[in-house]
Amino acid sequence: MRALSLLRFSSILALAACALSVKAAPGAPIVLWPDGAPGAVGKEPADIPTLTPYFVPKEKATGAAVIVCPGGGYTHLADHEGGPVAEWLNTIGITSFVLKYRLGPTYHHPAELQDAARAIRTVRAHAKEWGLDPERVGILGFSAGGHLAATLGTHFTAANPSAADPIERLSSRPDLMILIYPVITMGEGTHSGSKTNLLGANPPADLVELLSNEKQVTKETPPTFLVHTMTDPAVPVENSMMFAAALRQAGVPFEFHLYERGPHGFGLGTIDPILATWPARCADWLRVHGFAAK
């Protein structure tokens with residue numbers, strides 16, 4: 001009897017371990033421009049922007065999608081702000097795509113924005129094929145990836161039915177934005193490395209103004225979820241505070257979670273039980289907007 005009980009217990013443990021190990025495997029990267037990205041200077045991986053899809057099983061999918069933009073100061077892409085975030089979105093029923101966008105110092109604006117816009121349009125173009133709602137496509141970004149997401153949310157272009165490329169006929173406006181310790185401004189209080197990698201060493205004043213996204217918010221800017229810490233040593237909290245104030249002024253819905261303490265680059269917050277609460281708050285907000293499973 002004791003041997004039988006042990007066998008049953010072992011079976012339960014094995015099943016539990018199997019359940020815990022099941023994750024949505026990423027699909028093959030999707031090349032955003034099969035014939036070459038605009039302004040590409042080569043054909044190496046760094047010259048080829050892609051989307052890596054993380055599909056949710058049909059029975060658990062909400063039909064919403066979110067594109068994830070890892071941070072890295074516009075010079076690299078932080079792994080912990082890519083795949084793990086896509087996997088978390090999958091747990092709440094959201095299909096996700098990790099964007100590999102072009103980086104400085106090889107590429108400056110507008111290459112990064114072109115990549116993000118193309119990503120939104122690509123997901124919309126394949127929405128029926130992938131079981132997605134083209135009117136529920138959001139974008140999430142960390143740090144410099146947050147700047148890229150906010151740039152798309154304030155510099156998107158409308159649908160162009162006369163475009164030769166069918167993908168370019170679609171709007172690049174995200175339906176919502178999630179900005180985690182984002183770089184927002186290119187002016188005072190910016191992250192200097194992100195600014196230099198995006199705009200070059202001595203950018204003209206009008207370009208600095210254009211890419212200071214707190215100055216580009218309008219009533220058409222998508223609803224936004226913001227997270228920052230007061231003690232962020234790399235990207236001052238004023239970045240998120242300025243953006244929240246601009247959203248408020250324009251009448252754009254937003255939710256802002258400001259933590260008293262915490263480092264920069266904490267990703268999903270697994271290093272700290274307090275910072276680890278933001279994904280649950282974000283999931284609640286995504287439910288309010290009809291993106292996440294209830």
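The values are calculated or read from the model by the stated rules, or taken from the named source; none is laboratory data. The model shown is predicted, which means the values in this text are computed figures rather than measured ones. Ideal geometry is used to build each Cβ from the backbone, glycine not excepted, and the neighbour counts take in all protein chains shown. For accessibility, only protein heavy atoms count, side chains too; no ligands or nucleic acids. Shrake-Rupley method; radii C 1.70, N 1.55, O 1.52, S 1.80 Å.
Summarising the strand pairing of the chain, around 25 percent of its internal DSSP beta bridges are antiparallel.
Pairs of lysine residues in the chain that meet both criteria, 8 or more places apart or on different chains and Cα atoms under 17 Å apart, total 8.
Once the 1.4 Å probe is applied to the protein heavy atoms, the range 75-135 comes out at 37 Å² accessible per residue.
Our note on the geometry: Cα centres of the range 69-133 and the range 202-267, 19 Å apart. Restricting the trypsin sites (Lys or Arg not before Pro) of the range 213-256 to loop positions (DSSP other than H, G, I, E, B) with no more than 14 neighbouring Cβ atoms within 10 Å leaves Lys219. Put simply, the amide H of Val98, placed in the peptide plane, has neighbours under 5 Å in Thr52, Tyr54, Val68, leaving out anything fewer than 5 places away on its chain. State, as an integer percentage, the relative contact order of the chain based on alpha-carbon contacts under 8 Å between residues 6 or more apart. After rounding, I find 15 percent. For Cα Rg over 2.2 N^0.38 Å, the candidate list reads (i) 0.93; (ii) 1.04; (iii) 1.00; the entry that matches the value derived from this model is (ii).
Of the accessible area of the chain, computed with a 1.4 Å probe over protein heavy atoms only, carbon and sulfur atoms account for 59 percent.
The H on the amide N of Ile178, modeled in the peptide plane, is under 5 Å from the matching H of Ile139, Leu140, Gly141, Phe225, each at least 5 residues off or on a different chain. The residues packed around Gly290, meaning those with a beta-carbon under 11 Å from its beta-carbon, carry a net charge of 0 if Lys and Arg are +1 and Asp and Glu are -1.
The figure for Asp206 is an accessible area of roughly 110 square angstrom, using a 1.4 Å probe on the protein chains alone.
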